[in-house]
Amino acid sequence: MSTAAQDTDTPRAHCTVDADGRTTFRIALRSAGHPRLALVPRAKKNAPPQPTRLLDLEPHGDDGDLRAVLEPLPALAEGRWDAYLMRETDAVRERLRPGLRDLRALVDGNLRERPSPVAVRVPYATKDGFLAVRAWLRPAHAEAGRLDLADGAMTVHACLHGAELSDDATALLRLRGDRDTTRTFPLRTDGSGFSFTASFAELTGAAPGEQVWDVFLRPAADVPPVRIGWLLDDTADRKTVCVYPALTVGEAAARPYYTVDNDLAVEVTAVR
């Protein structure tokens, strides 16, 4: 295929993420102008709009490809960022298709200690086949690990990043839509690691009908709770990847799951 034909096809970007969070994009494109890669944030309800992040595409290596580098700082705001190509300064934006994504450096990201704020980026392919970046940015984060289900309860193993555990730290489950309805559970701690066991029987009688309980860690009695989730690897969307069975407790069934933001929650439904 000729260079001209390649340039007129839907552009495709390869990307590599290193252990420091630096993301390198590479596009096979011949251009004499000033091409740029644009990361455009998707609008979020009740959140202020974020500016587009523009990255210069510059020649790199002997293959003639253009490269753009997204440095770890400044961090991207939490959300989803769609990737576009701008062939010239005032050109119409073109959605980018994903090429090869080398995310090996992210696989063991939970093993590295993360300072505050905890910033995470994962390039991924959207459902309609385009390139995007999922970003998380939180003052502190509790990274979920193994989750055990037995005897009508779940035991969560996790590690805190960006903050420290106090002697009075607890796990907190909050009924979604009702901030005043909570359940607390004691922690077993080992440095920044912790675990807790939550009995589903304490969740099933809080309100009629279906319920969702969001799972938090409260590192100390006088600080805001920290969401428990699974963010520190190469998976942008965990909801359909990690699927747990439901446990029947009385006349209800409780099932832990990961939300669209990769945060841990528990769904309670009536047994029919």
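Quick one, which of [x] 130; [y] 121; [z] 154 is the actual volume of the Cα convex hull per residue in Å³ calculated for this model? It is the value labelled [z]. Tell me what the chain gives for mean residue ellipticity at 222 nm when only DSSP H runs of n ≥ 4 count, each as -39,500 (n - 2.57), the sum divided by the residue total, rounded to 500 deg cm²/dmol. Roughly -500 deg cm²/dmol at 222 nm, from the helical runs in the chain.
Heavy-atom accessible area with a 1.4 Å probe sorts 116, 166, 195, largest first, into 116, 166, 195.
Here the contact order of the chain, divided by its residue count and restricted to Cα pairs under 8 Å and six or more residues apart, works out to 14 percent.
Remark: spin-label model distance residue 116-residue 176 equals 2.7 nm, labels positioned 7 Å along the Cα→Cβ axis. Counting heavy atoms of the protein chains alone, residue 18 has an accessible area of about 50 Å² for a 1.4 Å probe. Potential lengthening of the chain between residue 71 and residue 183 amounts to 36.3 nm, from the contour at 0.36 nm per residue minus the alpha-carbon distance. Under a Gaussian network description of the chain, with springs only between Cα atoms under 10 Å, the residue in 148, 90, 65 that fluctuates furthest is 90. Accessible surface for residue 242 stands near 20 Å², nearest 10, in the context of the full protein assembly shown (1.4 Å probe). Counting 0.36 nm for each residue step from residue 44 to residue 105 and taking away their Cα separation leaves a gain of 19.1 nm.
What's the longest piece of the chain with no exposed GluC sites (Glu not before Pro), counting a site as exposed if DSSP puts it in a loop and it has at most 10 other beta carbons within 10 Å?
Details: sites that count: 113, 210, 251.
That would be 1-112.
Using R0 = 41 Å, the C-beta based FRET efficiency linking residue 223 and residue 93 works out to 0.50.
Using the Cβ-Cβ distance between residue 34 and residue 190 with R0 set to 51 Å, the FRET efficiency from 1/(1 + (r/R0)^6) comes to roughly 0.45. Using a cut-off of 14 Å between beta-carbons, work out the net charge of the residues near residue 44 (Lys and Arg +1, Asp and Glu -1, residue 44 not included). Net local charge, residue 44 excluded: +1.
With just the Cα atoms defining each centre, how far is the range 113-159 from the range 73-93? Give it in Å. Cα centroid of the range 113-159 versus Cα centroid of the range 73-93: 23 Å apart. The distance between label points at residue 248 and residue 146 comes to 2.8 nm (points 7 Å beyond Cα on the Cα→Cβ vector).
Can you pull out the trypsin sites (Lys or Arg not before Pro) in the range 74-119 that DSSP calls coil and that have at most 12 other Cβ atoms within 10 Å? Please list the in-between numbers first.
Numbers: sites: 80, 87, 93, 95, 101, 104, 112; in loops: 87, 93, 112.
Answer by residue number: 112.
Take the Cα of residue 54, step 7 Å toward its Cβ, do the same at residue 260, and the gap between the two points is 3.0 nm. Per-atom-type breakdown for the chain gives carbon and sulfur 50% of the accessible area (1.4 Å probe, protein chains only).
Quick one: among 233, 190, 128, which has the greatest mean-square fluctuation in a GNM of the chain with alpha-carbon springs under 10 angstrom? Of the options given, 128 has the highest mean-square fluctuation. Surface analysis of the range 182-272 yields an accessible area of 46 Å² per residue, using protein heavy atoms and a 1.4 Å probe.
Excluding residue 170 itself, calculate the net charge of residues whose Cβ lies under 14 Å from the Cβ of residue 170, where each Lys or Arg counts +1 and each Asp or Glu counts -1.
On the way: positive: 174, 183, 188, 218; negative: 167, 168, 202, 222.
Summing Lys/Arg as +1 and Asp/Glu as -1 gives 0.
The values are calculated or read from the model by the stated rules, or taken from the named source; none is laboratory data. Keep in mind that this is a model prediction, so the values were computed, not measured. A quick note on method: Cβ atoms are made from the backbone with ideal geometry, for glycine too, and the neighbour counts reach across all protein chains shown. Protein only, heavy atoms only, side chains kept; ligands, DNA and RNA dropped before computing areas. Shrake-Rupley method; radii C 1.70, N 1.55, O 1.52, S 1.80 Å.
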